[in-house]
Amino acid sequence: PANGDFYVSDGYGNARVHKYSPNGKLLFSWGESGTGPGQFDTPHSIVVDQAGLLYVADRQNRRVQIFDDGGEYLKEWAYKGLPCGLHIDADQQMYLASGFAGEILRLDKNGKAIGATGQPGTGLGEFCEAHYMTMAPNGDIFVADTVRPGLQKFVRK
């Protein structure tokens with residue numbers, strides 16, 4: 001958020017999201033184990049868009065849950081793979097690293113895939129588990145795979 005607050009996903013052993021002030025003071029937390037709205041099974045990645053909406057990759061529930069800045073559930077997007085990593089670039093374009101599906105998805109404003117790269121496998125451009133991603137300012141994408149060691153780089157053409 002613009003004021004410097006930040007969020008932390010607490011997904012390994014817990015099922016919560018925490019919001020902190022810029023100086024690290026815990027403001028509030030929400031979530032519990034489960035499959036319902038506001039419940040999580042491994043909240044894994046968090047991004048915040050320009051409007052202040054919070055997107056949480058709820059990995060084992062195969063969805064991204066969307067919340068307002070107060071932690072109120074708004075909606076969710078379902079996926080076939082495991083939503084592991086989220087990224088929003090400077091133009092507010094959202095990307096999703098989709099676990100064992102082995103894909104990096106470019107998403108529209110409704111969470112639908114409008115582009116994809118990658119596939120399951122062990123070769124270049126393939127993933128055993130696309131676990132997390134980030135993007136360089138020039139548009140190159142870097143993807144970490146937890147099963148196959150190493151970092152893959154996709155060069156923007």
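The values are calculated or read from the model by the stated rules, or taken from the named source; none is laboratory data. Keep in mind that what you see is a predicted model, and the values were worked out from it rather than measured. In this analysis, Cβ positions are derived from the backbone assuming ideal geometry, glycine residues included, and neighbour counts consider all displayed protein chains. With ligands, DNA and RNA removed, areas are computed over all heavy atoms of the protein, side chains included. Shrake-Rupley method; radii C 1.70, N 1.55, O 1.52, S 1.80 Å.
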Would you confirm, using the coordinates I've provided, whether residue 11 is open to solvent by less than 20 Å² (accessible area, probe 1.4 Å), of a type outside the set (A, V, I, L, M) and at pLDDT below 95? yes
Restricting to region 49-95, count the residues that are polar (S, T, N, Q) and on the phi > 0 side of the Ramachandran plot. 1
Look at residue 108 and say whether it is at pLDDT below 95 and not polar (S, T, N, Q). no
What pairs come up if the first residue lies in region 65-89 and is of a type in the set (Phe, Trp, Tyr), the second is crowded, with 16+ Cβ neighbours inside 10 Å and part of a loop (DSSP other than H, G, I, E, B), and their beta carbons are under 8 Å apart, counting only those six or more places apart or on different chains? 67/38; 73/38; 77/111; 79/62
Reported set for region 127-157 where residues are charged (D, E, K, R), touching a strand residue (DSSP E or B) at 6+ places or on another chain (Cβ under 8 Å) and exposed (fewer than 12 other Cβ atoms within 10 Å of the Cβ) is 153, 156
I want to confirm something. Restricting to region 80-126 and keeping residues that are hydroxyl-bearing (Ser, Thr, Tyr) and open to solvent by 10 Å² or more (accessible area, probe 1.4 Å), which single residue is nearest to residue 46 (Cα to Cα)? 95
Selection from region 95-126 of residues within 15 Å of residue 143 (Cβ to Cβ) and small (Gly, Ala, Ser) yields 97, 98, 99, 101, 102, 115, 116, 118, 121, 123, 125
Condition first: out of contact with any Gly (no Cβ under 7 Å at 6 or more places or on another chain) and more than 28 Å from residue 3 (Cα to Cα). Can you find one or more residues in region 88-100 that meet it? no
